[in-house]
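Let me begin by presenting the structure, written as structure tokens, before commenting on it.
The values are calculated or read from the model by the stated rules, or taken from the named source; none is laboratory data. Fair warning: this is a prediction, and the values are worked out from it, not measured in the lab. Note that we place each Cβ from the backbone using ideal geometry, even for glycine, and neighbour counts take in every protein chain shown. In case anyone asks, the SASA skips ligands and DNA or RNA and just uses the protein heavy atoms, side chains included. Shrake-Rupley method; radii C 1.70, N 1.55, O 1.52, S 1.80 Å.
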Amino acid sequence: MDYEHLFQTLPVSKTLSSSVLSFLNDKFRARTDLAGAPVLVSELRTRCSDLDRTLTDLNRSLGASLVAYASFSDRFDAVFDDLSAKLIRLRSSTCTPTSSFSDGGEEGNGKAEKILGEELPALAKEVARVETVRIYAETALKLDTLVGDIEDAVSSVMNKNLKKHSSTQNSDEMRLLAIKTLKMTEEVLTSVTKTRPKWARLVSAVDHRVDRALAVLRPQAIADHRALLASLGWPPPLSTLTSSNPDRKSAEVPNPLFTMQGDLKHQYCENFLALCRLQELQSQRKSRQLESFNWKVALRQPLWAIEELVNPISLASQLHFSKWVDKPEFIFALVYKITKDYVDSMDELLQPLVDEAMLVGYSCREEWISAMVTSLSTYLAKEIFPVYVGQLDEESATGIRSQARISWLHLVDLMISFDKRVRSLVEHSGILLTFQEDGNLQKISSLSVFCDRPDWLDLWAEIELSEALDKLKPEMDDERNWRMKVQGVVLSSVPEDFKSPAVSSAFLRHLSSMIDRCRSLPSISLRSRFLRLGGAPITRKFLDCILQRCQEAEGLTALTDDDAIIKVANSINAAHYFESVIKEWCEDVFFLEMELNQGDQLGLSVSEYGSHEEPIKGSEGGIFDEEIGKLGEFRAQWVEKISVVILRGFDAQSRDYMKNRRQWQEKGEEGWTVSKSLVVALDYLQGKVSVVEESLNRIDFVRVWRSLAAGVDRLVFQNILMSNVKFYDGGVERFDSDLQVLFGVFGAWCLRPEGFFPKASEGLKLLKMGEKQLQDSLAGGEKWMKDNGIGHLSVTEMEKIVRSRVFKS
């Protein structure tokens, strides 16, 4: 038997490499280790077999790549051969001796023009096409390589997470590698989208593969983050805050974010950073994909890492919220305490990580606060408000007044107070400016529950209105509030004494309270809707109240006695004061924003919230524009009525004076500067106007006396100057004296009262002219009237007055 073929001798140690020697020395430290040689041989053979298969797969992949590259290369060779042939033909054409062009004449010029006009542009176009194909091939190959690396990294992360004893460090490194490669891919896609918009199919194909990778990577990253948070002891225990009084001082609960140390802290920071970078990458992708849309609104998402901190705390808190449905103040106290206790760690520990991840426009303090408020709002909308609405429905069905309305208003008070405290937390960091827009303001307001439920907002406005009217009723019925004046009120727009009754201040006080309550609403459209439903009806109730008092006064005495006039004057004063205050309010930015935002108001479209929502009546223009207009109309109407009543009385008192035609042929009574029959009428006029002056505000009083002056002017003109009487010299003097006394009644309120009696004044002016001057007027017509300052009379009226003048021969 040939034993040399059965046994193989070991090679000489000098022929072995250092790595092999090191391996053997490590495996066979002692003689007893030789027993494990067969197992080691088997393991080495298995590994060699695996490596051979891997090498075979790599060779096959390399061969396929080489075939693909050869295909591309053949296409490029064909294109370049064609291009080279065209360049040679072009060179041979352009190198023709100059003499041939001169000999050929027009034929040579035509050939040159053909080369320059047709062949050169076509050649340039072909060169550009070839260059585009080359760039496309390089870009596609680069993207394919990047996406392949992404898919390999994601697959590696998933495989390592499936193994129980896999290295966490290696998994994190592979995730960071995948994110880094994703970022490089996104940079290439962004460049392609901007510079090569026609390559949309290539971008879409790559996006599809990247989306599949992200659909695996993000959930896994979040799951790893949650597991890490659980190992840190998050959420912290809430037992110290769940007693009957969450506001009581208790032992400080350690913050796991501050207490973590060493490798655990490093691992959490790396995991947090990876999640932020993944979100930034997702934001960049959406920004590119939605570039032609309003993507800023669509892209603004809560910070994923902060959401993962808030969600477990929210779930733990809700276990205790269910016990406090009837005591919501405990709910708000607990949420505020949690928010406040951990907000500093957001600034100190997590904000630097967000900045490192280059997440633009994100503040950890802001995200923490908004996430906590959002979780509270969600709970209120799902668990608290439906209970309160059910109580209100039950009250409405039974007709029995319960505590439901009080509970609702108490809940709203708590929400407003909570929002103010939360805003102070935001302001503490100096980042309030980021919340000025409606969309951002909703994130830190518990009142944002009304954004999705406008029917609850309508219910709130209805309750506020009902409570305000209930409180106003006894004040309206108290007559002392109508006699007592508002003291010391000065508006910047109208610095005067309005002489308004105290009841107007009561209405304004309740309206102001409603306006202040709605200021906390996080949306301009919500504020507008609330005020139209709750604030405007208070104004209409006020208008109805003063209108009723005026109608009562008119119905009893037709405004003939002083008490009735005073009652109407008080109502006019109240309307003027109320109107002036509201106008001044409407100049504030708070109201101007609502007026500018009227196109976006809730309730303008029936389809916006469903067919059951009705558009708000009077929703066009400013909030109180319609009410301000009605208040102005009320004042004008009743000022005119006062003027008409006084004018009617003056007409009755002066009827004998007006009908006495003979008096204009005589001089006045001896010792009298005014006709006796006019004295009573003037005394009546002066007495009534004095009462109105005493009780009415200055602006509306000016309207009254000017209206009276115009009415008296018409009476005197029609009943005397146009009544075909004959004026002798003595009658002209008498008429002049009477008018001067009449003007004197109004002289207390203006410097030139005759200016408010234009027809009577110009009629007197004509009567006082000489005979020749009047004869010229009949011939001169309009020109003569213009030259002599007669501008308020027609030619016919002027001629009638002139003909009524009688001169003694």
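For (1) within 30 Å of the chain's Cα centre (by Cα); (2) of a type in the set (Ser, Thr, Tyr), each residue gets a yes or a no:
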{"site": "Trp324", "(1), (2)": "no, no"}
{"site": "Ile331", "(1), (2)": "yes, no"}
{"site": "Met346", "(1), (2)": "yes, no"}
{"site": "Leu349", "(1), (2)": "no, no"}
{"site": "Ser363", "(1), (2)": "yes, yes"}
{"site": "Ala371", "(1), (2)": "yes, no"}
{"site": "Lys382", "(1), (2)": "yes, no"}
{"site": "Pro386", "(1), (2)": "yes, no"}
Taking the conditions exactly as written (in contact with a Lys or Arg (Cβ under 6 Å, 6 or more places away or on another chain) and aliphatic (A, V, I, L, M)), does Ile369 satisfy them or not? no
Could you tell me whether Glu367 is over 17 Å from Leu380 (Cα atoms) and at pLDDT below 90? no
Subset of the range 325-369, residues open to solvent by 60 Å² or more (accessible area, probe 1.4 Å), more than 30 Å from Tyr388 (Cα to Cα) and either outside any loop (DSSP other than H, G, I, E, B) or of a type in the set (Phe, Trp, Tyr) (or both), comes to Asp341, Asp344, Glu348, Pro352, Asp355, Glu356
Residues that are over 24 Å from Ala404 (Cα atoms) and hydroxyl-bearing (Ser, Thr, Tyr), drawn from the range 326-383: Tyr336, Thr339, Tyr342, Ser345, Tyr362, Ser363, Ser370, Thr374, Ser375
Is the range 768-779 home to any residue that is within 22 Å of Ser654 (Cβ to Cβ) and crowded, with 20+ Cβ neighbours inside 10 Å? no
Any hit, the range 564-586, residues being open to solvent by 40 Å² or more (accessible area, probe 1.4 Å) and closer than 24 Å to Gly687 by Cβ: yes
Report whether or not Asp651 is more than 58 Å from the chain's Cα centre (by Cα), surrounded by fewer than 19 Cβ atoms within 10 Å (Cβ to Cβ) and either aromatic (Phe, Trp, Tyr) or modelled with pLDDT under 95 (or both). yes
Out of all the residues in the range 288-313, which are at pLDDT 85 or above, assigned to a helix (DSSP H, G or I) and either of a type in the set (Val, Ile, Thr) or open to solvent by less than 20 Å² (accessible area, probe 1.4 Å) (or both)? Trp304, Ala305, Ile306, Glu308, Leu309, Val310, Ile313
So Glu640 passes all but one of these: (1) surrounded by 17 or more Cβ atoms within 10 Å (Cβ to Cβ); (2) out of contact with any Asp or Glu (no Cβ under 9 Å at 6 or more places or on another chain). Which condition number does it fail? (1)
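Checking the condition surrounded by fewer than 16 Cβ atoms within 10 Å (Cβ to Cβ) and aromatic (Phe, Trp, Tyr), which residue from Phe807, Phe756, Phe746 passes?
Phe807
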Selection count, the range 478-513, where residues are surrounded by fewer than 19 Cβ atoms within 10 Å (Cβ to Cβ), touching a Phe, Trp or Tyr at 6+ places or on another chain (Cβ under 9 Å) and at pLDDT 90 or above: 2
Among (1) crowded, with 21+ Cβ neighbours inside 10 Å; (2) touching a Gly at 6+ places or on another chain (Cβ under 7 Å), which single condition is Tyr684 missing? (1)
May I ask you to list the residues in the range 533-563 that are open to solvent by less than 10 Å² (accessible area, probe 1.4 Å) and more than 30 Å from Ile623 (Cα to Cα)? Ala553, Leu559
Do the conditions hold for Ala205, that is, is it outside any loop (DSSP other than H, G, I, E, B), at pLDDT 90 or above and either of a type in the set (A, V, I, L, M) or under 36 Å from the mean Cα position of the chain (by Cα) (or both)? yes
Could you please tell me which pairs satisfy a Cβ distance under 9 Å, a separation of 6+ or placement on different chains, a first residue in the range 580-594 that is at pLDDT 90 or above and of a type in the set (D, E, K, R), and a second residue that is open to solvent by less than 70 Å² (accessible area, probe 1.4 Å) and assigned to a helix (DSSP H, G or I)? Lys583/Ile628
Within 31 Å of the chain's Cα centre (by Cα), closer than 28 Å to Ala468 by Cα and open to solvent by 60 Å² or more (accessible area, probe 1.4 Å): does that describe Ile400? no
